[in-house]
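The values are calculated or read from the model by the stated rules, or taken from the named source; none is laboratory data. Quick caveat, the model's predicted, so the values are computed rather than measured. Cβ placement follows ideal geometry from the backbone for every residue including glycine, while neighbour counts extend to all protein chains displayed.
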């Protein structure tokens, strides 16, 4: 079986940041939803993702399939639990980290030093996402193409509120005086 994972995959943020710094604004358009939602796109573990990882043989992203190898399930679930990260996102993170490390066959369990390394890799991804957002804001003051992309991203944000729960509550923290009224 194949699990559709488009919403949980991300292009490596360090590559997007590098493209942005080098002046390639086209990469930003593909990365717009991540720039809009920032680190909120990293999801917590869920029963749906755990089930997808355990019951499917492949994950599909933009029509491309990634095999879920049996031996990766243990380390991926370990990473998910350690980082409190969605299991499918942990799969992508682990595979990317393992490849970048130039390792061979993945072990059935990760040792403490590998968990530290994958944690550093994860937070480097988050940091580069934020650095990309910062770079976009800086470049938008100087470059018309980046300014247009930023304008489009902001417009998307106003047109489609993200992060608001079905309860109707805003994803934004309330002001101090609003908290007193609610209490």
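Can you find a residue that is assigned to a loop (DSSP other than H, G, I, E, B), in contact with a strand residue (DSSP E or B) (Cβ under 9 Å, 6 or more places away or on another chain) and surrounded by 14 or more Cβ atoms within 10 Å (Cβ to Cβ) anywhere in region 68-76? The answer is yes, given that some residue of region 68-76 is assigned to a loop (DSSP other than H, G, I, E, B), in contact with a strand residue (DSSP E or B) (Cβ under 9 Å, 6 or more places away or on another chain) and surrounded by 14 or more Cβ atoms within 10 Å (Cβ to Cβ).
Within region 18-31, the set of residues being surrounded by 17 or more Cβ atoms within 10 Å (Cβ to Cβ) and not in a helix (DSSP H, G or I) comprises 25, 31.
Could you say whether any residue in region 159-167 is surrounded by 11 or more Cβ atoms within 10 Å (Cβ to Cβ), in contact with a helix residue (DSSP H, G or I) (Cβ under 7 Å, 6 or more places away or on another chain), at pLDDT below 80 and at negative phi? The answer is yes; a qualifying residue exists.
How many of the residues in region 32-67 are part of a loop (DSSP other than H, G, I, E, B) and touching a residue at least 40 places away in the same chain (Cβ under 8 Å)? Walk me through how you get there before you give the answer.
Let us first name the residues in region 32-67 that are part of a loop (DSSP other than H, G, I, E, B), namely 42-46, 56-57, 62-63.
Imposing the further condition that a residue be touching a residue at least 40 places away in the same chain (Cβ under 8 Å) reduces the set to 42-46, 56-57, 62.
Count: 8.
When you scan region 91-101, do you find a residue that is out of contact with any helix residue (DSSP H, G or I) (no Cβ under 9 Å at 6 or more places or on another chain), surrounded by fewer than 19 Cβ atoms within 10 Å (Cβ to Cβ) and without any contact (Cβ under 8 Å) to a residue 24 or more places away in the chain, even just one? Yes, region 91-101 contains a residue that is out of contact with any helix residue (DSSP H, G or I) (no Cβ under 9 Å at 6 or more places or on another chain), surrounded by fewer than 19 Cβ atoms within 10 Å (Cβ to Cβ) and without any contact (Cβ under 8 Å) to a residue 24 or more places away in the chain. Tallying residues that are part of a helix (DSSP H, G or I) and either touching a residue at least 40 places away in the same chain (Cβ under 8 Å) or surrounded by 15 or more Cβ atoms within 10 Å (Cβ to Cβ) (or both) within region 1-17 yields 6.
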